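The values are calculated or read from the model by the stated rules, or taken from the named source; none is laboratory data. Remember, predicted model here, so these are calculated numbers, not experimental data. Here the Cβ positions follow ideal geometry from the backbone for every residue, glycine too, while neighbour counts run over all protein chains shown.
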Amino acid sequence: MLRRTAYTLLVLALAGTGTACARSGPTAAKAVKSRGPITIWLSNNRQEVDWGERMVAEWNKAHPDQRITAQKIPAGKTSEEAISASIIAGTSACLVFNTSPASVPQFQKQAGLVPLNDFPDGKRYVERRSGSLAGQYRSEDGKYYQLPWKSNPGMILYNKAIFRKAGLDPEHPELATYDAFLKTSRKIVASGAAKAAIWPTPSSEFFQSWFDFYPAFIAESGGKQLVEDGKPQFDTAAGRRVAAFWRQMYAQKLAPQEAYAGDALGEGKTAMSTGGPWAVAAYKDSLDWGVVPMPTSDGRPADEIHTFSDEKSVSMSSSCEHRATAWKVLKFATSREQDGEFLAATGQMPMREHLTTVYADWFERNPSYKPFAEQAQRVVEVPNVSGSIDAWQAFRDSWTRSVVFGRQPTDSALHSAAGQISKLLAAYGDPS
């Protein structure tokens, strides 16, 4: 029997209620032209809240009859569960500035999101801002139910002090190929410079694969998603190489099989970690760190390597009564000027093309962010398919069993997971 996560069960059990709420809300034809005050939700990230408050103040000063009220996403086990519950209750904010792309198909199933194509310039604005990256965020019906907003592209962060302690050159780390990565990792652990070479969380939550397997697979496969055209892509030579590489990391005790409760990189427990541009501010006063792209089996050039985006989108709720205002606010908040303000406030990468050119002066003053900005032009998202979370859970269960703990050969585990995910996708695609 196919496993379903608690989150998905919640959505499926209450989807009918959510649909009913959406139908009893404003009619699309009326709401899409209506202007008036709106509420938006922000994450609880302090830097994002600070940016949001400034953006709202600027908007409200110029639009006293269409004021924004900004709030943090309601408390819950996860933001996704809080948003799902608000869709069911019909209490969502007009705009949510922290929507996980993996949850968009579920929210869409609940009739909780407005297709941005409803606005005359909706499709054009999304695609003009994000360029070639936009297509990954288009839903199966061809519409955009999210605006790709900001990313934290995954790269390999490393502690230079630990590298020196292990007798390695921190300015020229040998990490580009799987063989080199393994060799460097063995030196780190054997020297006692750190307990682990790298320490991803080895637990079985569906999203953990976004920080070990997925960025490595994207890099190795040349930019493949987990699923494309309705078919799993990881039961392939590239997927098998990635699984074999990570299995060696665990089998040789270079990556621990237990989770670490704190910040393993920041506390010196591991020499390396997968991270994004948030690390610049987080470690600027405490860690001498470096960054390199994800390794590949053949050590391809940095400008050819893709990685996971770790992106968050902005979505518009179907309970929003003043959608014309919400659309204007969404465009204002993701304009070139506001994206620049957001970049400066948070260090996260706006999902727009040519970042290092558009904000050349800022990157000149803040060169530590430039590798992430360059990588942000080559990012891959989770597949936008119905059943996305269950597909990821099926994959993670297989990964934990085979790669982390060695209880099943990795090749057969990938094959079994691909078969299970294919059945899941077929089940979600069957209207009966």
Tally of residues being closer than 18 Å to residue 203 by Cβ and outside any loop (DSSP other than H, G, I, E, B) across the stretch 225-255
5
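Looking at 313, 319, which one is of a type outside the set (A, V, I, L, M, F, W, C), at pLDDT 95 or above, outside any helix (DSSP H, G or I) and within 21 Å of the chain's Cα centre (by Cα)? Walk me through it before giving the result.
Working: 319 fails: within 21 Å of the chain's Cα centre (by Cα).
It is 313.
Taking residue 407 as the residue in question, decide whether it is over 22 Å from the mean Cα position of the chain (by Cα), in a helix (DSSP H, G or I) and free of Cβ contacts under 8 Å to residues at least 40 places away in the same chain.
Details: over 22 Å from the mean Cα position of the chain (by Cα): yes; in a helix (DSSP H, G or I): no; free of Cβ contacts under 8 Å to residues at least 40 places away in the same chain: yes.
So residue 407 does not fit the description; no.
Hey, could you check the stretch 343-372 for residues that are in a helix (DSSP H, G or I) and touching a residue at least 40 places away in the same chain (Cβ under 8 Å) and say which is farthest from residue 312 (Cα to Cα)? Spell out how you get there, then give the answer.
First, the residues of the stretch 343-372 that are in a helix (DSSP H, G or I): 343-346, 355-358, 360-365, 367-372.
If we keep only those that are touching a residue at least 40 places away in the same chain (Cβ under 8 Å) as well, we get 345-346, 368-369, 371-372.
Details: 345: 16, 346: 13, 368: 22, 369: 19, 371: 20, 372: 16 Å.
Taking the candidates together, the pick is 368.
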Tell me, which residue of the stretch 40-95 that is surrounded by 17 or more Cβ atoms within 10 Å (Cβ to Cβ) and acidic (Asp, Glu) is farthest from the chain's Cα centre (by Cα)?
48
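How about the stretch 373-393: which of its residues are in contact with a His (Cβ under 7 Å, 6 or more places away or on another chain) and either basic (Lys, Arg) or part of a loop (DSSP other than H, G, I, E, B) (or both)? Give the derivation first.
Kept after step one, since they are in contact with a His (Cβ under 7 Å, 6 or more places away or on another chain), are these residues of the stretch 373-393: 378-380.
Residue satisfying the conditions is 378 alone.
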Out of (1) in contact with a Pro (Cβ under 6 Å, 6 or more places away or on another chain); (2) more than 16 Å from residue 404 (Cβ to Cβ), the odd one out for residue 211 is which?
(2)
Go through the stretch 53-89 and give me each residue that's modelled with pLDDT of 90 or more and of a type in the set (A, V, I, L, M).
55, 56, 57, 62, 68, 70, 73, 83, 85, 87, 88, 89
Would a scan of the stretch 260-270 turn up a residue that is assigned by TED's automatic domain parsing to the domain that holds residue 200, more than 16 Å from residue 368 (Cβ to Cβ) and part of a strand (DSSP E or B)?
yes
Near pairs, Cβ below 8 angstrom, 6+ apart or cross-chain, from the stretch 61-81 (touching a residue at least 24 places away in the same chain (Cβ under 8 Å)) to any residue that is acidic (Asp, Glu) and assigned to a helix (DSSP H, G or I):
70/53
Among the residues of the stretch 387-398, write down those that are surrounded by fewer than 24 Cβ atoms within 10 Å (Cβ to Cβ) and hydrophobic (A, V, I, L, M, F, W, C).
389
Considering the stretch 209-231 alone, what residues qualify as being more than 16 Å from the chain's Cα centre (by Cα), over 17 Å from residue 385 (Cα atoms) and surrounded by fewer than 24 Cβ atoms within 10 Å (Cβ to Cβ)?
221, 222
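Conditions tested, residue by residue: (1) at pLDDT below 95; (2) within 23 Å of residue 207 (Cβ to Cβ); (3) surrounded by 22 or more Cβ atoms within 10 Å (Cβ to Cβ).
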site	(1), (2), (3)
99	no, yes, yes
109	yes, yes, no
122	no, no, no
127	no, no, no
144	no, yes, yes
158	no, no, yes
162	no, no, yes
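Is it fair to say residue 194 is assigned to a helix (DSSP H, G or I) and of a type in the set (A, V, I, L, M, F, W, C)?
Answer is no for this residue.
Does residue 203 qualify as being surrounded by fewer than 18 Cβ atoms within 10 Å (Cβ to Cβ), assigned to a loop (DSSP other than H, G, I, E, B) and among the small types (Gly, Ala, Ser)? Let's see the steps before the verdict.
Working: surrounded by fewer than 18 Cβ atoms within 10 Å (Cβ to Cβ): yes; assigned to a loop (DSSP other than H, G, I, E, B): yes; among the small types (Gly, Ala, Ser): yes.
In short, yes.
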